[in-house]
1. Taking segment 131-175 as the region of interest, how many residues are within 13 Å of the chain's Cα centre (by Cα) and either modelled with pLDDT of 85 or more or not charged (D, E, K, R) (or both)?
2. What pairs come out if I take residues in segment 244-258 that are without any contact (Cβ under 8 Å) to a residue 24 or more places away in the chain and pair them with residues that are of a type in the set (Asp, Glu) and surrounded by 11 or more Cβ atoms within 10 Å (Cβ to Cβ) whose C-beta lies under 8 Å away, six or more apart or interchain?
3. Would you pick out the residues in segment 40-59 that are among the small types (Gly, Ala, Ser) and under 14 Å from residue 84 (Cα atoms)?
4. If you go through segment 175-220, how many residues are under 22 Å from residue 140 (Cβ atoms), out of contact with any strand residue (DSSP E or B) (no Cβ under 7 Å at 6 or more places or on another chain) and among the polar types (S, T, N, Q)?
5. Collect the residues in segment 214-231 that are among the acidic types (Asp, Glu) and either more than 10 Å from residue 203 (Cβ to Cβ) or over 29 Å from the mean Cα position of the chain (by Cα) (or both), keeping them in residue-number order.
6. From the set of residues in segment 191-222 that are modelled with pLDDT of 90 or more, part of a loop (DSSP other than H, G, I, E, B) and not charged (D, E, K, R), which is surrounded by the most Cβ atoms within 10 Å (Cβ to Cβ)?
7. In segment 223-245, what residues are surrounded by 15 or more Cβ atoms within 10 Å (Cβ to Cβ) and assigned to a helix (DSSP H, G or I)?
8. Which residue pairs have Cβ atoms closer than 6 Å, lie 6 or more positions apart in sequence or on different chains, and pair a first residue in segment 316-339 that is over 16 Å from residue 297 (Cα atoms) with a second residue that is in a strand (DSSP E or B) and of a type in the set (A, V, I, L, M)?
Amino acid sequence: MKWRVKRWLTWPGRMFRHLLPRRTRRMLLVPLVIMLVGSVGYPLIEGDHWSWFDGLYMTVITLTTLGYGETHPLSNSGRAFTMLLALGGIFTLFYFATEIIRSVVTGEVKELLGRERMEDALKHLAGHLIVCGFGRMGKIVCDELERQKRKFVVIDKFPPPTDWPYYHGLRLQGDATEDEGLRKAGIDRAKALITVVGSDADNLYITLSARLLNPGLLIVARAEEEEAEAKLRKVGANKVISPYLAGGHRAVQAVLRPSVLHFMEMATRPEFLDLQLEEVKVEAGSKLAGTLLRDSHLSRDYGVIVVGVVRPSGEVVYGPQGDVTIEAGATLVAIGQRRQLDKLEALAATG
């Protein structure tokens with residue numbers, strides 16, 4: 001409750017800072033300075049029978065060109081001061097209005113509004129994925145994350161192109177090789193990072209920085225050269241993907257084992273609801289933790305088939321038998337329909 005009250009009280013200040021360009025915010029001080037000068041100048045020029053409020057009132061009606069009349073009879077010095085005040089105020093207000101129109105027309109205000117929304121969204125983002133680089137491979141990664149409705153942030157050095165697709169993910173312009181760029185993307189609260197920059201050196205540096213900033217982060221890195229794979233693994237990458245190597249293997253599978261490849265594509269694409277292949281992590285405190293595979297009745301009650309178990313130690317059990325124990329922290333690789341897999345994920349969660 002206190003946080004909400006504090007946020008409500010500080011809302012006007014945040015709106016003032018973020019909705020107006022810095023140059024425009026500085027210009028707002030000019031009318032205030034002119035009003036202060038007028039409020040103090042009239043009593044100094046005309047004498048003690050003028051109060052500061054009389055000076056403020058005279059300044060306001062002069063700047064707004066209302067001209068109700070002189071508060072008190074003015075001397076020649078006071079009239080000269082009024083003329084200077086009027087000319088300065090009119091030119092200042094005219095320039096200020098021109099600057100506001102220019103900011104709106106050039107899209108500067110719109111850009112600041114978008115930046116404010118993005119920064120606010122980044123502060124409250126957790127368990128998301130970070131994609132470094134929006135080249136050809138980066139766009140494919142973002143398209144896939146968008147199809148699966150995952151929360152993600154894209155970091156790229158260059159501004160978004162004119163044909164930038166509509167994503168629910170956030171676009172952050174910056175350098176992913178710098179710690180500040182990764183921190184803005186919420187690296188400490190992220191679930192995983194995918195770095196697909198075109199340079200192996202940049203991917204290596206991003207992987208190293210991300211591992212230091214978040215030791216528990218899942219990192220997937222792209223490797224162009226064969227020797228880069230070992231280096232990426234040494235600096236902290238959990239998985240290294242070589243587009244050329246993966247593409248070559250897939251081409252061979254399409255010739256030698258076309259049915260197997262078709263089956264795997266169907267099982268890993270979210271649009272195919274009849275059959276999907278999914279991995280589900282068993283959390284501590286789950287009903288599955290500590291039970292035998294045969295006693296879980298996953299096939300009978302949920303209609304899913306467990307084809308593999310990855311134990312917490314990293315050992316992989318293919319085609320597990322019924323006497324395999326489902327440990328807390330293990331990952332089940334299962335095949336089934338999407339609704340059945342969703343029930344399995346709920347069962348594997350804590351509580």
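1. Of segment 131-175, the ones within 13 Å of the chain's Cα centre (by Cα) are 131-132, 150-156, 167-174.
From what's left, either modelled with pLDDT of 85 or more or not charged (D, E, K, R) (or both): 131-132, 150-156, 167-170, 172-174.
Result for segment 131-175: 16.
2. 244/224
3. Residues of segment 40-59 among the small types (Gly, Ala, Ser): 41, 47, 51, 55.
Across segment 40-59, the qualifying residue is only 41.
4. Qualifying residue count for the region: 2.
5. We begin by selecting, within segment 214-231, every residue among the acidic types (Asp, Glu); these are 224-227, 229.
Answer for segment 214-231, where residues must be among the acidic types (Asp, Glu) and either more than 10 Å from residue 203 (Cβ to Cβ) or over 29 Å from the mean Cα position of the chain (by Cα) (or both): 225, 226, 227, 229.
6. 197
7. 228, 229, 231, 232, 233 - these are the residues of segment 223-245 that are surrounded by 15 or more Cβ atoms within 10 Å (Cβ to Cβ) and assigned to a helix (DSSP H, G or I).
8. Going by the 6 Å Cβ cut-off, the qualifying pairs are 316/310; 317/309; 330/309; 331/310.
The values are calculated or read from the model by the stated rules, or taken from the named source; none is laboratory data. The structure displayed is predicted, hence computed values, not measured ones. Positions of Cβ are generated from backbone atoms using ideal geometry, with glycine treated the same way; all protein chains shown enter the neighbour counts.
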